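Just so it is clear, none of the values below were taken in a lab; they were calculated from the coordinates. Keep in mind the model is a prediction, meaning the values are calculated, not measured. Please note: Cβ atoms are built from the backbone with ideal geometry, for glycine as well, and neighbour counts cover all protein chains shown.
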There are 2 protein chains.
Amino acid sequence: MSKDTGFYSIIDYTVDGFDTQREFVEAFAEIMERWVRFHPGYRSARFHVSTDGTRVYNIVRWASEADYRHFVETSDTDGRMAAISGALESLSGTAEPRMSGIPTYTVVREIGPGPQHLDS
Amino acid sequence: MSKDTGFYSIIDYTVDGFDTQREFVEAFAEIMERWVRFHPGYRSARFHVSTDGTRVYNIVRWASEADYRHFVETSDTDGRMAAISGALESLSGTAEPRMSGIPTYTVVREIGPGPQHLDS
């Protein structure tokens, strides 16, 4: 399996139900379209919603760490932050961030399908 | 873009540094190999590690919700849970779960690269 050389940021929130979850995805999808997706090296934002309506992960993929750093340095951070605040305020319910530390990631290991490994 | 019909579980932990982060990935990769990856419909487990050494997400993909349910119903849950407890105890540092609610997910939206959307 080829090594994943992508660079990720993960946006992680708890929400108070299905309505807020759906509104959160709509609002943050719009933020990606207005503030992020046209920057070089942007690959995708994938919105994972929990089946119980209580959580959303947005996993944003960049081609490389250099592309992500370039985005951070050259984009309108104040404008984007204001848009995120506005998105959160627009929700009919509540959304609480669950991020901790610096929310950038690499994928260091992938386990594909295969036979069961038993004790050696 | 084709709709993502996969079904996901997301394992989410904070850890106390790079050593524990690396040990966590090793231990949980082994759990996937011994307890999960040979079940029908298993697609992948991808270990996302934060660049600051404080967090790990393992995103496990199944072909469908039915495959995931079949895994839950037919697999050795007690054995797997014991293996997870053993893995956590084997770490030289600490790892704290950050999951909330039921940790199963679908991907409802993907935003690919494209032009900037401006106010209409």
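State whether the residues of region A:76-98 include one that is acidic (Asp, Glu) and free of Cβ contacts under 8 Å to residues at least 40 places away in the same chain.
The answer is yes; a qualifying residue exists.
Which of the residues belonging to region A:1-28 are crowded, with 20+ Cβ neighbours inside 10 Å, in a helix (DSSP H, G or I) and of a type outside the set (Val, Ile, Thr)?
Matches in region A:1-28: A:21, A:24, A:28.
Being within 11 Å of the chain's Cα centre (by Cα) and at the interface with chain A (Cβ under 10 Å from one of its Cβ atoms) is the filter; apply it to region B:10-43 and report the residue that is nearest to residue B:76 (Cα to Cα).
B:32
Has region B:99-110 got at least one residue that is touching a Phe, Trp or Tyr at 6+ places or on another chain (Cβ under 6 Å) and farther than 26 Å from residue A:116 by Cα?
yes
Of the residues that make up region A:89-96, is at least one of a type in the set (Val, Ile, Thr), crowded, with 17+ Cβ neighbours inside 10 Å and either more than 8 Å from chain B (Cβ to nearest Cβ) or more than 20 Å from residue A:6 (Cα to Cα) (or both)?
Looking through region A:89-96, none of the residues is of a type in the set (Val, Ile, Thr), crowded, with 17+ Cβ neighbours inside 10 Å and either more than 8 Å from chain B (Cβ to nearest Cβ) or more than 20 Å from residue A:6 (Cα to Cα) (or both).
Which condition number in (1) within 16 Å of the chain's Cα centre (by Cα); (2) exposed (fewer than 12 other Cβ atoms within 10 Å of the Cβ) is the one that residue B:59 fails?
Only one criterion is unmet by residue B:59, namely (2).
Considering every residue within region B:38-58, establish whether at least one is touching a Phe, Trp or Tyr at 6+ places or on another chain (Cβ under 6 Å) and over 27 Å from residue A:45 (Cα atoms).
yes
Could you grab me the full set of residues in region B:44-62 that are facing chain A (nearest Cβ under 7 Å) and either more than 18 Å from residue B:15 (Cβ to Cβ) or in contact with a Cys (Cβ under 8 Å, 6 or more places away or on another chain) (or both)?
Correct list: B:44 only.
I need a count of the residues in region B:99-120 that are touching a residue at least 12 places away in the same chain (Cβ under 8 Å) and not hydrophobic (A, V, I, L, M, F, W, C).
Within region B:99-120, residues that are touching a residue at least 12 places away in the same chain (Cβ under 8 Å) and not hydrophobic (A, V, I, L, M, F, W, C) number 6.
Which numbered condition trips up residue A:102, out of (1) facing chain B (nearest Cβ under 7 Å); (2) among the hydrophobic types (A, V, I, L, M, F, W, C); (3) surrounded by 15 or more Cβ atoms within 10 Å (Cβ to Cβ)?
(3)
Considering B:64, B:9, B:100, which residue is within 24 Å of residue A:53 (Cβ to Cβ) and touching a Pro at 6+ places or on another chain (Cβ under 6 Å)?
B:9 is the lone residue from the list that is within 24 Å of residue A:53 (Cβ to Cβ) and touching a Pro at 6+ places or on another chain (Cβ under 6 Å).
Being surrounded by 20 or more Cβ atoms within 10 Å (Cβ to Cβ) and among the charged types (D, E, K, R) is the filter here; which residues of region A:29-45 pass it?
The one that is surrounded by 20 or more Cβ atoms within 10 Å (Cβ to Cβ) and among the charged types (D, E, K, R): A:37.
Against the conditions (1) more than 30 Å from residue B:69 (Cα to Cα); (2) crowded, with 19+ Cβ neighbours inside 10 Å, where does residue A:49 fall short? Just the number, please.
(1) is the only condition that residue A:49 fails.
So residue B:70 ticks every box in (1) more than 15 Å from the chain's Cα centre (by Cα); (2) more than 9 Å from chain A (Cβ to nearest Cβ); (3) surrounded by 13 or more Cβ atoms within 10 Å (Cβ to Cβ); (4) in contact (Cβ under 8 Å) with a residue 60 or more places away in the chain but one. Which box is left unticked?
In the conditions (1) more than 15 Å from the chain's Cα centre (by Cα); (2) more than 9 Å from chain A (Cβ to nearest Cβ); (3) surrounded by 13 or more Cβ atoms within 10 Å (Cβ to Cβ); (4) in contact (Cβ under 8 Å) with a residue 60 or more places away in the chain, residue B:70 misses (4) alone.
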